[in-house]
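Enquirer: Okay, handing you the structure first.
The values are calculated or read from the model by the stated rules, or taken from the named source; none is laboratory data. Bear in mind the structure is a predicted one, so any value in this text is a computation, not a measurement. Neighbour counts run over all protein chains shown; Cβ positions are idealised from the backbone, glycine included. Surface areas here come from the heavy atoms of the whole protein model, side chains and all, with no ligands, DNA or RNA. Shrake-Rupley method; radii C 1.70, N 1.55, O 1.52, S 1.80 Å.
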Amino acid sequence: MGPDQSPGLPVSEAIFARLHERMLGYFQGRDVFVQDVFCGAAPGYRLPVRLVSESAWHTLFARNMFIRPSPADLRSFEPGFTILHAPNMQAMPDRDGLNSETFILVNFAQKVALIGGTSYAGEVKKSVFGLLNYLLPDQGVLPMHCSANVGKKGDAAIFFGLSGTGKTTLSADGSRTLIGDDEHGWSPDGIFNFEGGCYAKVIRLSPTAEPEIYATVRRFGTVLENVIVSEHDRVPDVDDGSLTENTRASYPLDFIPNASATGQCGHPKTVIMLTADAFGVLPPIARLTPEQAMYHFLSGYTARVAGTEKGLGNAPQATFSTCFGAPFMPRHPTVYATMLGERIAKHKSQCWLVNTGWSGGAYGTGTRMAIAHTRALVRAALEGKLGKAPVRREDNFGLFIPESCEGVPGDVLDPRKTWSDKSAYDETAREVAKRFEDNFAQFQSHVSDKVKAAAIHAPA
């Protein structure tokens, strides 16, 4: 199971109570580790979280990932959410009424999470994220699966995207201050990080293209997950994906140069929605209207290949994860989309769709988009230069593609021109457009006429 995919199935209170009792019994007579942390950099929206785990490294993970209380905070700490974490305890599916030996159960009423049968540390952070996604909209805060950074002029930006699309890489920009790499809230006052650390994919990290993240891999205090380490010299090998492509590093936010000490910034001037299109048909960047932004937020498209998720072959598979984090969004998707649309309109944020996936063909034929090109496009968008460039509307997805950008070859901006077989591009683009169309049918009755008009339809 990968970081953006979860069954999200409801269970009865009786099943939760039975697993809760069994887990308390499991902990009897065992050494456990307790970590008290905060989730939410804005004090007015902060959630105190207590992790109780049989695993020392998972408690270090929590200390890295969340906000560390001061000694004074700890003296008066009262948990608002408790996570009981037993990775070596497995459920008995027939007896417990579950469909696997692994369980991640969150009781919103009791504000208790039970995690068992899995050592994947991401379940700890995502259980907290899921609870905040339920609680914060009632407080006027939009919870978001996004990274965020801010420029020297206070020009904040947020980056939506599923795992492997570049949220962490693109937000770790030495010329801008990093607010956070994964989970944020958009309050009436601006953006605030939920976390105090980063959880970065490190498979095939480049010391030249991603120097800030690469440097954390060998730093004391970083937790490496699924990363192969040499038996001889204890050096991590980030190019080794023999266990899984989903290799991770967890480190405190201040391991990144220019990280924000407050975890807060103003309202975003720029909203970027990331996709890694393994079909190779989307442009590297496109300017979105506010209605298109709501459409793509509800769609949450990316196309995966073997890597982050188990069970994928070499052929690309389209994924639509609403709000770029569907398994962790307990309210109806249009609740979050409406809040996003209102904030974009109020603060006049410019929205962009950025494809960090393939160019010149689908996976297996084309090549991955050059990070240098993506960075040049994103920086031009953040600086306001790209917003002034002439655009053309392409036919398959109705996207507005800039005609030029300094540092990026003109042909790269037009995906069709990068394919040697133009008819193959046209056919693949029609197929992807049809997948967009089929997926969005579920939202047709919930959105405005303007958003419906912005929807993608497969060319005849």
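Enquirer: Which pairs have Cβ atoms under 8 Å, sit 6 or more apart or on different chains, and link a residue in the stretch 391-410 that is without any contact (Cβ under 8 Å) to a residue 24 or more places away in the chain to one that is part of a loop (DSSP other than H, G, I, E, B) and loosely packed, with under 12 Cβ neighbours inside 10 Å?
Expert: 392/403; 403/390; 404/390; 410/403
Enquirer: Scan 438, 414 and give me the residue that is acidic (Asp, Glu), open to solvent by less than 50 Å² (accessible area, probe 1.4 Å), at pLDDT 95 or above and under 27 Å from the mean Cα position of the chain (by Cα). Write out each step before concluding.
Expert: On the way: 438 fails: open to solvent by less than 50 Å² (accessible area, probe 1.4 Å).
Unique residue meeting the criteria: 414.
Enquirer: Next question, about the same structure. Name, by its number, the condition in (1) within 26 Å of residue 68 (Cβ to Cβ); (2) open to solvent by less than 10 Å² (accessible area, probe 1.4 Å); (3) in a strand (DSSP E or B); (4) not β-branched (Val, Ile, Thr) that does not hold for residue 274.
Expert: With (1) within 26 Å of residue 68 (Cβ to Cβ); (2) open to solvent by less than 10 Å² (accessible area, probe 1.4 Å); (3) in a strand (DSSP E or B); (4) not β-branched (Val, Ile, Thr) applied to residue 274, the lone miss is (1).
Enquirer: Shifting gears a bit: Of (1) closer than 25 Å to residue 382 by Cβ; (2) surrounded by 22 or more Cβ atoms within 10 Å (Cβ to Cβ); (3) among the aliphatic types (A, V, I, L, M); (4) more than 17 Å from the chain's Cα centre (by Cα), residue 261 satisfies all except one. Which?
Expert: Answer for residue 261: the failing condition is (2).
Enquirer: Also, I was wondering about something else. What is the residue count in the stretch 76-99 for residues that are in contact (Cβ under 8 Å) with a residue 12 or more places away in the chain and open to solvent by 40 Å² or more (accessible area, probe 1.4 Å)?
Expert: The total comes to 6.
Enquirer: Among the residues of the stretch 113-163, which ones are part of a helix (DSSP H, G or I) and among the β-branched types (Val, Ile, Thr)?
Expert: Filtering the stretch 113-163 down to residues part of a helix (DSSP H, G or I) leaves 122-139.
Within the stretch 113-163, 124, 128 meet the criteria.
Enquirer: Now for a different question. Would you confirm, using the coordinates I've provided, whether residue 379 is in contact (Cβ under 8 Å) with a residue 60 or more places away in the chain, within 22 Å of the chain's Cα centre (by Cα), open to solvent by 60 Å² or more (accessible area, probe 1.4 Å) and within 19 Å of residue 150 (Cβ to Cβ)?
Expert: Spelling it out, residue 379 is indeed in contact (Cβ under 8 Å) with a residue 60 or more places away in the chain, within 22 Å of the chain's Cα centre (by Cα), open to solvent by 60 Å² or more (accessible area, probe 1.4 Å) and within 19 Å of residue 150 (Cβ to Cβ).
Enquirer: Just checking, does the stretch 330-351 include any residue being surrounded by 17 or more Cβ atoms within 10 Å (Cβ to Cβ), at pLDDT 95 or above and part of a strand (DSSP E or B)?
Expert: Looking for residues that are surrounded by 17 or more Cβ atoms within 10 Å (Cβ to Cβ), at pLDDT 95 or above and part of a strand (DSSP E or B), one finds at least one in the stretch 330-351, hence yes.
Enquirer: Does residue 384 satisfy the criteria of being under 29 Å from residue 210 (Cβ atoms) and either at pLDDT 95 or above or under 25 Å from the mean Cα position of the chain (by Cα) (or both)?
Expert: Answer is yes for this residue.
Enquirer: Among the residues of the stretch 206-254 satisfying the criterion of being more than 18 Å from the chain's Cα centre (by Cα), among the aliphatic types (A, V, I, L, M) and farther than 21 Å from residue 119 by Cβ, which is surrounded by the fewest Cβ atoms within 10 Å (Cβ to Cβ)?
Expert: It comes out as 235.
Enquirer: In the stretch 39-53, which residue that is at negative phi and touching a Gly at 6+ places or on another chain (Cβ under 8 Å) is surrounded by the most Cβ atoms within 10 Å (Cβ to Cβ)? So that I can check it myself, show each step before the final result.
Expert: Our first condition is that a residue be at negative phi; within the stretch 39-53, this holds for 39, 41-53.
Adding the requirement that they be touching a Gly at 6+ places or on another chain (Cβ under 8 Å) leaves 41-42, 45-49.
Working: 41: 25, 42: 18, 45: 20, 46: 17, 47: 20, 48: 20, 49: 27.
Here the answer is 49.
Enquirer: For the stretch 180-201, how many residues meet the condition of being at pLDDT 95 or above and farther than 23 Å from residue 35 by Cβ?
Expert: Residues in the stretch 180-201 being at pLDDT 95 or above and farther than 23 Å from residue 35 by Cβ: 6 in total.
Enquirer: What is the residue count in the stretch 416-460 for residues that are of a type in the set (Val, Ile, Thr) and within 21 Å of residue 294 (Cα to Cα)?
Expert: The qualifying residues number 4.
Enquirer: In the stretch 357-366, is there at least one residue being part of a strand (DSSP E or B), open to solvent by less than 10 Å² (accessible area, probe 1.4 Å) and not aliphatic (A, V, I, L, M)?
Expert: There is no residue in the stretch 357-366 that is part of a strand (DSSP E or B), open to solvent by less than 10 Å² (accessible area, probe 1.4 Å) and not aliphatic (A, V, I, L, M).
Enquirer: When you check residue 73 against the structure, is it open to solvent by 30 Å² or more (accessible area, probe 1.4 Å), more than 25 Å from residue 227 (Cα to Cα), touching a Phe, Trp or Tyr at 6+ places or on another chain (Cβ under 8 Å) and not in a strand (DSSP E or B), yes or no? Give the derivation first.
Expert: Numbers: open to solvent by 30 Å² or more (accessible area, probe 1.4 Å): yes; more than 25 Å from residue 227 (Cα to Cα): yes; touching a Phe, Trp or Tyr at 6+ places or on another chain (Cβ under 8 Å): yes; not in a strand (DSSP E or B): yes.
Taking the combined requirement at face value, the residue satisfies it.
Enquirer: Something else now. Out of curiosity, is residue 56 closer than 30 Å to residue 100 by Cβ and surrounded by fewer than 16 Cβ atoms within 10 Å (Cβ to Cβ)?
Expert: yes
Enquirer: Next question. Of a type in the set (A, V, I, L, M) and assigned to a strand (DSSP E or B): which single residue out of 9, 105 fits that description?
Expert: Going through 9, 105 in turn, just one is of a type in the set (A, V, I, L, M) and assigned to a strand (DSSP E or B): 105.
Enquirer: Then there's this: When residue 385 is evaluated against the numbered criteria (1) touching a helix residue (DSSP H, G or I) at 6+ places or on another chain (Cβ under 9 Å); (2) in contact (Cβ under 8 Å) with a residue 60 or more places away in the chain; (3) under 22 Å from residue 159 (Cα atoms), which criterion, by number, is the only one it fails?
Expert: (2)
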